[in-house]
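The values are calculated or read from the model by the stated rules, or taken from the named source; none is laboratory data. Here the structure is a predicted model, which means the values were calculated and not measured. Neighbour counts are summed over all protein chains in view; Cβ atoms, including those assigned to glycine, are modelled from backbone coordinates with ideal geometry. We work out accessible area using only protein heavy atoms, side chains counted, and drop any ligands, DNA or RNA first. Shrake-Rupley method; radii C 1.70, N 1.55, O 1.52, S 1.80 Å.
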Amino acid sequence: MKTIIEPFKIKSVEPIRFTTREERSELLKKAGYNTFMLHADDVLIDLLTDSGTSAMSSMQWAGIMQGDESYAGSKSFYRFEDVVKKITGLKYIIPTHQGRASEKILFFVVGGEGKYIPNNTHFDTTRANIEFTNAEAVDLLNEEGKHPEIRAPFKGNMDIEKLESFIKEKGKENIPLCMITVTNNSGGGQPVSMQNIREAKEVLKKYGIPLFLDACRFAENAYFIKKREKGYQDKTLLEIAQEMFSYADGATMSAKKDGLANIGGFLAMNDDELAMKCRNLLIVTEGFTTYGGLAGRDLEAVAQGLEEVLDEHYLQYRIRSVEYLGEKLVSAGVPIIEPPGGHAIYIDAKRFLPNIPQEQFPGQSIVCSLYIEGGIRAVEIGSVMFGKYDKNGQLIPPPMELVRLAIPRRVYTQSHIDYVLEVLLEVYKKRGSLKGYKITYQAPMLRHFTAQFEEIGRDAK
Ligand SMILES: Cc1ncc(COP(=O)(O)O)c(C=O)c1O
């Protein structure tokens, strides 16, 4: 059969609240034109993030009831550890409450002034946790990954030549580890090929630098490898994931993504001394080594989710629904990062709104219009999120101005996706009337979460 169906039946539903256009305009103004500030109940289709928003399976809910809440050595921890070890093959598995807690611990131990951490592209919390220690987070993405309009199978790949020259320039002693983010969230959810992970490892091995995977979407990455890379068609997704991790000396993970859970994560590694230091810090900041900021029931949900996420029917449905939305947008002329990544559609805001300069945040303008037009919540990944300023207060924009529509796992059906498409096409039709924005408040770090805006030409001059 040609039709790919949702590979699940729905046992429990959550009603969504409908609002009018006028209500939404008012609510968004009150939220300072920052969709993070909206009440979720005022959102019709929430594509803010795919993180922690998955629908859990009946088996995960059953696991919740079986959670062992012992402080030390709980049965749930050992189940969690077994599943993570089966997939990653890594020696030490340290549970954390989410991805950034793993990053905080890891970089507190290995970061610091004068240190450099290369990555294909750092996610914002990874970058923030590195910079918080005064180390430098460096992106070494392959050139094709920086061009939204280029279609290539593995646009998340690391630039291996640049990696080697970077190591020579900065000195291996100043690079405590290198990361690869699979899939590359900040660069459009684009996958990384097995060959690229292997080649990165070969270079790093020469210099004695460990490789860590930011493994949030390892299963989606494994699916792309199976579909797009020669030699992997007959392998199972578990085998592919195992091979990806076989090149890694460690990993950070937010189980809120490919763990199919609402909370959870881990930090994993092979190095004895590093593990000891991280575990000691975990005890101070998260909790004992067998729960790390999670309840036993959360560990059960993550363990079960990690088993389910490598199901081929699930990944086929997931990747196809994102691809379907992408295909329809491209055929209507809407500029997006092509081909669509695994977990989200990324609109290329520079091409969508060429009339709005980067200083006026074209991505934010699209985000606001999507909410007003159809109650859809998306997120800007551009100058609001990553913009820096020189000493004259001039914006140093990031290479891309994107709007991300992240699709929660197992939450929305085909008709929800069709509705999103309809709203997007409507906003695209009206793009000539969209206005730029000006920031009126910003926090010193991760400003996008709490920034306040005014619409230029309406609220602001
Ligand atoms: C690639 C990547 N790394 C790290 C994180 C941080 O994970 P968490 O939100 O669980 O702290 C995220 C979250 O979106 C991510 O996408």
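Below is a table of values for the structure above.
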| item | result |
| --- | --- |
| Pick from segment 1-55, criterion touching a residue at least 12 places away in the same chain (Cβ under 8 Å) and among the acidic types (D, E), ranking: nearest to M253 (Cα to Cα) | D50 |
| Members of segment 432-459 that are in a helix (DSSP H, G or I) and within 22 Å of T125 (Cβ to Cβ) | R447, H448, F449 |
| Residues being over 26 Å from L402 (Cα atoms) and in a strand (DSSP E or B) - total across segment 173-203 | 0 |
| Unique match (being within 30 Å of E380 (Cβ to Cβ) and within 16 Å of the ligand (Cβ to nearest atom)) among L38, L28, L48, L44 | L48 |
| Among (1) among the hydrophobic types (A, V, I, L, M, F, W, C); (2) open to solvent by 40 Å² or more (accessible area, probe 1.4 Å); (3) within 16 Å of the ligand (Cβ to nearest atom), the one test that V109 misses | (3) |
| The listed residue being more than 15 Å from the ligand (Cβ to nearest atom), part of a helix (DSSP H, G or I) and within 30 Å of P95 (Cβ to Cβ), out of K206, K168, K162, K226 | K226 |
| Candidate set from segment 80-94 (those that are crowded, with 20+ Cβ neighbours inside 10 Å and of a type outside the set (V, I, T)); member that is farthest from the ligand (Cβ to nearest atom) | Y92 |
| The lone exception for Q60 - which of (1) open to solvent by less than 30 Å² (accessible area, probe 1.4 Å); (2) closer than 30 Å to S383 by Cβ; (3) away from the ligand (no atom under 16 Å from the Cβ) it fails | (2) |
| Answer residue from segment 229-256, given it is touching a residue at least 12 places away in the same chain (Cβ under 8 Å) and among the charged types (D, E, K, R) and is nearest to the ligand (Cβ to nearest atom) among those | K256 |
| Set A128, A72, A101, A135: member being among the small types (G, A, S), open to solvent by 50 Å² or more (accessible area, probe 1.4 Å) and either in contact (Cβ under 8 Å) with a residue 24 or more places away in the chain or more than 22 Å from G387 (Cβ to Cβ) (or both) | A72 |
| From E173, E149, residue being over 30 Å from R351 (Cβ atoms), away from the ligand (no atom under 16 Å from the Cβ), over 17 Å from the mean Cα position of the chain (by Cα) and open to solvent by 30 Å² or more (accessible area, probe 1.4 Å) | E173 |
| Positions within segment 264-296 being in a helix (DSSP H, G or I) and surrounded by fewer than 19 Cβ atoms within 10 Å (Cβ to Cβ), in sequence order | D272, E273, M276, K277, R279, N280, L281, I283, V284, T285 |
| Considering residues of segment 11-42 that are hydrophobic (A, V, I, L, M, F, W, C) and assigned to a loop (DSSP other than H, G, I, E, B) only, the residue most open to solvent (accessible area, probe 1.4 Å) | F18 |
| Odd one out for L213, checked against (1) within 12 Å of the ligand (Cβ to nearest atom); (2) of a type in the set (A, V, I, L, M, F, W, C); (3) assigned to a loop (DSSP other than H, G, I, E, B) | (3) |
| Hits in segment 297-311 (condition: open to solvent by 20 Å² or more (accessible area, probe 1.4 Å) and assigned to a helix (DSSP H, G or I)) | R297, D298, Q304, E307, E308 |
| Selection count, segment 290-306, where residues are in contact with a Pro (Cβ under 8 Å, 6 or more places away or on another chain) and of a type in the set (S, T, N, Q) | 1 |
